[in-house]
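Please treat every number below as a calculation from the coordinates, not as lab data. Predicted model, so just to flag it, every value in this text is computed and none were measured. Heads up, the Cβs are rebuilt from the backbone with ideal geometry, glycines too, and the neighbour counts pull from every protein chain shown.
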Amino acid sequence: MIDELHEEKLKDLEEKAVKARELVIETLVEAGSGHTAGPLGMTDIFVAFYFHILNHKPENPFWEERDRLVLSNGHICPIQYVTMAMAGYFPIAELKTLRKVNSRLQGHPHRSSLPGLETTSGPLGEGISQSIGMALAAKMDGKNHHIYCLTSDGEHQEGNTWEAMMMAPRYKLDNLCVVIDRNNIQIDGFTENVMPLEPLHDKYRAFNWHVIDVDGNNIHEFVDAVKQANSTHQQPTVIIAHTVPGKGVSFMENRFEWHGMPPDTSEVLGAPPKGEQAKKALLELKMIRETTKNQHK
Amino acid sequence: MLNPALKLNQKFFEEAEEAPTRQGYGEGLLELGEKNPNVVVLSADLTESTKVNKFAEKYPERFFECGVAEQNMAAVAAGLAVAGKIPFISSYATFSPGKNWETIRTTTVYNRANVKIGGHHSGIVTGPDGATHQATEDIAITRCWPKMTVVVPCDAIEAKKATVASAGFEGPVYLRFTRDKTPVITSNETPFELGKAGLFWTCDLPQAVICSTGHLIGEALLAAKELEEEGVKVNVLNISSVKPLDIEGILEQVKKCGSVVSVEDHQQDGGLGGALSEFLVKNLPAPMEFVGLDNTFAESGKPKELIEKYNLGKAAIKNAVKKVIERKGK
């Protein structure tokens, strides 16, 4: 059962989200490569999971009754690593090792490298299938934990995703909740220009899923959607989370150029010069943090 | 002579009993179903053809039909495996591990998920279906994976033993099966161990060792017997475990014989011959000849016709043995 999200807890989560975004920027700058837009866009959802929704024990990552958070689009792992570190899975200082030799924080997640990761991912379109396997196993074993699978909109161009979309309703997997980061961007541009996905809601409906659309940058709205998903019977749920890629940093928001690039590594039209991008981003986030704090006073 | 220590089918040379190795897979799964409640089976619309139908009937709650979707099947299996199940995925090898190769690479092999891959319709003995359905590259594409286990049973009895043994091994395993009936060489009493080769034919002062994987062991034994009658002496090693190789067993034979012929119903590139030559060139270089598909796809036809046309049978094996012994003398 997910706890009531009272006002004080919501404030705490919103402040954590700002902190997480700062850590994402710092971690990516240190790594010198990696993805920026997706992690910033999905920060609110990751904070909601690790600090409110998940039934988990960071000190005991293999606890059998834990909810499973499966990341399908592995390239946004910086935000997963950041929120895992904040939640206590490993020291925050270890974030500095991302993408470096001898690190547990691989450029794309590797399950057996880091306790707490449920899958190895990066190649797209494989997460829903693996989540189906976990959901089937939970049903066989009479377990009540939930399987949450985070996916991107771009990976809905992979055939494997549609194979999995057919299978989950066939086995009535109501312990499975898929979340789509509907941020409308992918490497080559806007999804609707590269290979249109719309009407995505109707497509899932046609495949017999319970479909919910939410503002993915609104923690309260998102938590409510997950509660609804968990009370659905005999049907898997998909939450289409409309997010702003690059959320929180003005020159990154909704710009597909930031999909696969960290700050300070190249020139982007409208962004500060190389070397000043991270500084500007952190400054903007600091302002958001102060505004958030003031609102909460 | 047939190695008496291995209790092989003594009637093999008189009236060879035949059975498809996929039958052994089905029987092995039935046995596992009863022994181990964690064993689950997934099929991609080929339930009867891959012989998992009896498991599906007896254990419906542990059988998952995935439809014609091999990528999904592979990744679902990985999810089941990390949750503690022992999934066997069943399809034709050209589709699984062919079509879904990257899915298996990421979600099972790199992910260290305990998934067993049953690849069927391997080799040109798949016959009339034609080259689209004759998997002849599957050993190459699976044995290149780090820490993978690749097993090619030589007959239906060994197929059953390999299937059962694979469930007791923690880690991904590729099991390769054939559609058509092939000779039964072993018996229930023949020892089987993952990672071990078996010396099926043995003689005094052998001049070459025939290393065979899969059903062509029958052709290799026929060749060995005829060669003996012609005064040419060979040993025949059945290498069902292509990865890991039985290093000790192979080194012992190569030391004793001094030359090697590899035999497989697979491309010469990347199969057992490739594995052996990679190993021997680093450890004990010896003249070697390869019997296998030579840089070509096959075609429709009866298995026996194809074996002859594509030079995989006893005549080709005998020629390769004579050639390798001749090279040894130079």
* To do: Show the residues, 5+ positions off or on another chain, whose built amide H is closer than 5 Å to the amide H of B:V261.
  => B:V209, B:I210, B:C211, B:E289
* Which far-off residues, 5 or more places away or on another chain, put their amide H under 5 Å from the one on B:K243, with H placed in the peptide plane? -> B:V150
* To do: Taking H placed 1.01 Å from N in the peptide plane, check which residues at least 5 places from A:S152 or on another chain put their amide H under 5 Å from its amide H.
  => A:N73, A:D181
* Structure fact -> The answer for chymotrypsin sites (Phe, Trp or Tyr not before Pro) in the stretch B:244-323 that fall in a DSSP coil and have at most 16 neighbouring Cβ atoms within 10 Å is B:F297
* To do: Identify which of A:E22, A:E163, A:E126 has the largest mean-square fluctuation in a Gaussian network model of chain A, with springs joining Cα atoms closer than 10 Å.
  => A:E163
* Asked: In a GNM of chain A with a 10 Å cut-off on Cα contacts, which of A:T120, A:T237, A:T151 has the highest mean-square fluctuation?
  -> A:T120
* What are the extents of the Cα atoms of the stretch B:18-183 along their three principal axes, listed from largest to smallest and rounded to whole Å? -> 40, 32, 27
* Asked: How far is the Cα center of the stretch A:236-285 from the Cα center of the stretch A:97-170, in Å?
  -> 25
* Structure fact -> Per-residue Cβ contact counts at 10 Å, fewest first, order A:M166, B:M1 as B:M1, A:M166
* Structure fact -> Here the Cα Rg-to-2.2 N^0.38 Å ratio for the stretch A:25-106 is 1.07
* Structure fact -> Expected unfolding gain across A:Y171-A:Q234 under the 0.36 nm per residue rule, minus the alpha-carbon gap, is 21.8 nm
* Structure fact -> Ordered by fewest other Cβ atoms within 10 Å, a rough proxy for footprinting exposure, A:D141, A:D202 read A:D202, A:D141
* Write down the Å³ per residue value for the convex hull defined by the alpha carbon atoms of the stretch A:7-296. => 120
* Asked: Taking GluC sites (Glu not before Pro) that fall in a DSSP loop and have at most 16 other Cβ atoms within 10 Å as cut points, what is the longest piece of chain B between them?
  -> B:49-169
* To do: Report, largest value first, the span of the C-alpha coordinates of chain B along each principal axis, in whole Å.
  => 59, 41, 37
* To do: Enter the per residue convex hull volume of the stretch B:95-152, computed from alpha-carbon coordinates, in Å³ rounded to the nearest integer.
  => 71
* Structure fact -> Here the FRET efficiency for A:E267 versus B:M1, based on Cβ atoms and R0 = 56 Å and rounded to 0.05, is 0.15
* May I ask you to compute the full-extension gain from B:N311 to B:L205, defined as 0.36 nm times their residue separation minus their alpha-carbon distance, rounded to one decimal in nm? => 35.4 nm
* Asked: Once phi is turned into ³J(HN,Hα) by the Karplus curve 6.51 cos²θ - 1.76 cosθ + 1.60 with θ = phi - 60°, what whole-Hz value does each residue of the stretch B:300-313 show in order, with x for glycine and proline?
  -> 6, x, 6, x, 5, 5, 5, 4, 6, 4, 9, 6, 10, x
* **Segment B:L251-B:D45, extension gain: residue separation times 0.36 nm, minus the distance between their alpha carbons** => 69.9 nm
* Principal axis box of the stretch A:66-145, alpha-carbon based, largest edge first, Å -> 40, 26, 18
